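Reading through the structure tokens given below for one structure.
The values are calculated or read from the model by the stated rules, or taken from the named source; none is laboratory data. Everything quoted here is computed from the prediction, not taken from an experiment. So basically every Cβ, Gly included, is an ideal-geometry build from the backbone, and we count neighbours across all protein chains shown. The accessibility values were calculated without ligands, DNA or RNA, using every heavy atom of the protein model including side chains. Shrake-Rupley method; radii C 1.70, N 1.55, O 1.52, S 1.80 Å.
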Amino acid sequence: MPDGGRTYAQILRANLLTFFTVVLFAIGIALLALGRTGDAVVSAGLGLLNALISAAQEMRAKHRLDALRRRSADPGVQPRPPATTGPVGTGPARRSARTPLQHQIDVVIRAVVLAVALMSTAILGQAALEGLPAVRMAQISAVLSGLIPYGLFLLVTLAYAVGAAGIARRGALVQRVNAVESLSNVDVLCARLGGGLADDDGRLRPGAAQALADLRERGIEVRLLDERDAEHVRAAAHELGLPAADVLVAGELEGLGAEDLDRIVRGHAHLAGADARLAEQVVDSLVRAGRYVAMVGGGDGDVPALTLAHVGVAVQSGGTGARDAADIVLLEDSFAALPVAHHEGQRIIGGVSPAMKLFLTRVATSAGVILGVAVLGLGFPYEPAQGSLTIFTVGIPTLFLTAWARPQRCDPHLLGDLARFVVPAAVVTGGFAIAIYAALHTLLSRALGEGGVLPPQAIADFEEFTGVASADPRFVELAATAVAQTSLSMFTSVTGLLLVLFLEPPARFFRGWAPVSPDRRPAVLVLVLFATFVVVLQTPALARYFGLHTPGGFEAPVVTAATVLWFFLLRTVWRHDLLRRALGLHSAPRG
């Protein structure tokens, strides 16, 4: 018996050709053309890793389902007959639907890519006019490409894969890697009785009643669709703990136009005498009404309805077509995994939201600093190696925040919520960062210029770091840039860690953006990362690896004073919602 559903090649191709991976591959090719082989490998490698993580999860699910299919075809095994709720149809091809969270992430990433592309064109064009050497042009290109939030791509993919793997351990196979997060958006669940919630003898599936009760407690409406008469549907609804009075009989819909059918179907809870075609119409009507629909079925006739729904759920004993079309397959026909999947999906949302805030604040701040320093005519503020510091300030924190996330519904106003966090954070941080860079660059330029006051040992240290002698005309600019870049990196790294405390405040003192968090782990993580960063700064070999000059006696006081002022200013902006007031907008609840 041939295996069904998508082939392994189709699964791999679908995951390789996502917007995220295409962007990463394109950046890798551009960097390779500029001679930045290492950076190109990182970019393309992350794209490939994203694709392989998602594809591996979906391939595991396919392998398991294919094994079940072959087992059911074994003459020595007595399989349960698959339900056939209505005429069998192939239905439309299994979709690759994007969830509301994915749509909002796509919008943000596309905007970031466009902004970085425009900024890169302007900066590289100016650098070419100034006659910068090719090596320096390549370094600038590497920094600009680093503004694309690679880590966010990987984080979302990992969150989906971990969620799918967790649900698999609870008795469900996830065939579409974003299905767990998608399930968390569901507000109405349509379920077949025969072949879905119950077997052919009318007995409820394991855990069905409790699962539906849990989902209803979370605000999900449950609608039963069955081919049997109204009395059977009422009895089943009563047994499942559902309202049993509101049952519509399919015969009442005969001869109705599309508008009347939509109005009546949307206004009733359950439908008796519903064949596969009518079940498909119900799902289609609810989707067009703006509902986020999950469909539970088992017969091959349910394929069109399973495909039309945002989330298709099939039971293991159902037909081959239903299993192939479903996003989630319930093993052993047990519904116990559904509430767990819904909870896990909300945890994914709860983790991705703060991660986006941190990543986008880093991107917006860095872009603002690059433009500000360029306007001041003080060169380029970053070296490629310094971009690796974001592993301490964004990469590791977002990874743990996602793992520790609390359940949260998808905020339809996520983009506005992001703007209220990112814009003040980026403006305040970028403003202080530009001031620090300009002040220290100017200060050191004067100190190293004619009549300079720096001691010989300090000058010798700068000669070693820059690789040029103090008599070289480039020495003053290179040394001043090294100190300014180091101070800039110190400031943005420390403030980046403090942003984590604003997102998960351990005490009222840090309450500016969010209420005090019951979880103290983020605060401990920040302390550990801060200590690690200090060790990096004070260890010459490590500092040099990250493109930093080991701080002398004046960088730390300047950065400390600026950080204190930054903290109280940003906290005030958030506490009093000054961005909205400045724009004359009405207050809105935060996500």
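Data table
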quantity	calculated
Members of the stretch 398-408 found to be within 14 Å of the chain's Cα centre (by Cα) and either basic (Lys, Arg) or open to solvent by less than 40 Å² (accessible area, probe 1.4 Å) (or both), listed by number	Thr398, Leu401, Thr402, Ala405
Residue match in the stretch 193-208 (condition: part of a helix (DSSP H, G or I) and either out of contact with any Phe, Trp or Tyr (no Cβ under 9 Å at 6 or more places or on another chain) or open to solvent by 10 Å² or more (accessible area, probe 1.4 Å) (or both))	no
Residues of the stretch 162-179 classified as within 16 Å of Arg64 (Cα to Cα) and either in a helix (DSSP H, G or I) or among the hydrophobic types (A, V, I, L, M, F, W, C) (or both), total	10
Pairs where the first residue, in the stretch 413-426, is among the small types (Gly, Ala, Ser) and the second is surrounded by 21 or more Cβ atoms within 10 Å (Cβ to Cβ) and in a helix (DSSP H, G or I), C-beta under 7 Å, 6+ apart	Ala425/Thr361; Ala425/Leu499; Ala425/Leu570; Ala426/Thr361; Ala426/Thr365
Some residue of the stretch 294-308 being farther than 23 Å from Asp201 by Cβ, among the hydroxyl-bearing types (Ser, Thr, Tyr) and in contact with a Lys or Arg (Cβ under 8 Å, 6 or more places away or on another chain)	yes
Matching residues, the stretch 214-243, being of a type in the set (A, V, I, L, M) and without any contact (Cβ under 8 Å) to a residue 12 or more places away in the chain	Ala235
Residue match in the stretch 343-356 (condition: open to solvent by 10 Å² or more (accessible area, probe 1.4 Å) and at pLDDT below 90)	no
Checking Ala30 against (1) assigned to a helix (DSSP H, G or I); (2) surrounded by fewer than 17 Cβ atoms within 10 Å (Cβ to Cβ); (3) at pLDDT below 80, the condition it does not meet	(3)
Among the residues listed as Val564, Val559, Val528, Val524, the single one being open to solvent by less than 60 Å² (accessible area, probe 1.4 Å) and in a helix (DSSP H, G or I)	Val559
Long-range neighbours under 8 Å by Cβ, at least six apart or interchain, first residue under 21 Å from Leu132 (Cα atoms) within the stretch 462-488, second of a type in the set (Asp, Glu) and not in a helix (DSSP H, G or I)	Gln485/Glu383
Residue match in the stretch 455-466 (condition: among the polar types (S, T, N, Q) and over 18 Å from Trp566 (Cβ atoms))	yes
All positions within the stretch 174-188 that are closer than 21 Å to Leu12 by Cα and of a type in the set (Val, Ile, Thr)	Val174, Val177, Val180
Test set (1) modelled with pLDDT under 90; (2) under 19 Å from the mean Cα position of the chain (by Cα); (3) in the same structural domain as Asp302 (by the TED database); (4) not hydroxyl-bearing (Ser, Thr, Tyr) - Ala179 fails condition number	(1)
Residue check, Ala458 under 18 Å from the mean Cα position of the chain (by Cα), small (Gly, Ala, Ser) and not assigned by the TED database to the domain that holds Val135	no
Hits in the stretch 136-166 (condition: of a type in the set (Ser, Thr, Tyr) and under 18 Å from Leu183 (Cβ atoms))	Thr157, Tyr160
Options Gly416, Gly377; residue that is surrounded by fewer than 18 Cβ atoms within 10 Å (Cβ to Cβ) and at positive phi	Gly377
Neighbours by Cβ (under 9 Å, 6+ apart or cross-chain): first from the stretch 188-204, under 19 Å from His310 (Cα atoms) and in the same structural domain as Val311 (by the TED database); second open to solvent by 30 Å² or more (accessible area, probe 1.4 Å) and part of a strand (DSSP E or B)	Val188/Glu221; Leu189/Glu221; Leu197/Leu204
Residue check, Thr492 among the β-branched types (Val, Ile, Thr), open to solvent by less than 20 Å² (accessible area, probe 1.4 Å) and touching a residue at least 60 places away in the same chain (Cβ under 8 Å)	no
Residue among Ser72, Ser96 that is modelled with pLDDT under 80, open to solvent by 20 Å² or more (accessible area, probe 1.4 Å) and farther than 18 Å from Arg176 by Cα	Ser72
Matching residues in the stretch 245-299 - criterion: being surrounded by 15 or more Cβ atoms within 10 Å (Cβ to Cβ) and of a type in the set (Gly, Ala, Ser)	Ala250, Ala269, Ala272, Gly273, Ala274, Ala276, Ala279, Ser285, Ala294, Gly297, Gly298, Gly299
Given (1) among the aliphatic types (A, V, I, L, M); (2) surrounded by fewer than 15 Cβ atoms within 10 Å (Cβ to Cβ); (3) at pLDDT 90 or above, index of the condition Ala305 fails	(2)
Boolean, Arg6 is touching a residue at least 12 places away in the same chain (Cβ under 8 Å), closer than 19 Å to Val180 by Cβ and part of a helix (DSSP H, G or I)	no
Val329 being under 20 Å from Gln57 (Cα atoms), free of Cβ contacts under 8 Å to residues at least 40 places away in the same chain and in the same structural domain as Gly207 (by the TED database)	no
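Conditions tested, residue by residue: (1) buried (at least 21 other Cβ atoms within 10 Å of the Cβ); (2) touching a Phe, Trp or Tyr at 6+ places or on another chain (Cβ under 7 Å); (3) modelled with pLDDT under 85.
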position	(1), (2), (3)
Asp106	no, yes, no
Ala115	no, no, no
Gln126	no, no, yes
Pro133	no, no, yes
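Conditions (1) modelled with pLDDT of 90 or more; (2) more than 30 Å from Ala482 (Cα to Cα), marked per residue:
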position: His549; (1), (2): no, no
position: Val564; (1), (2): yes, no
position: Trp574; (1), (2): yes, yes
position: Asp577; (1), (2): no, yes
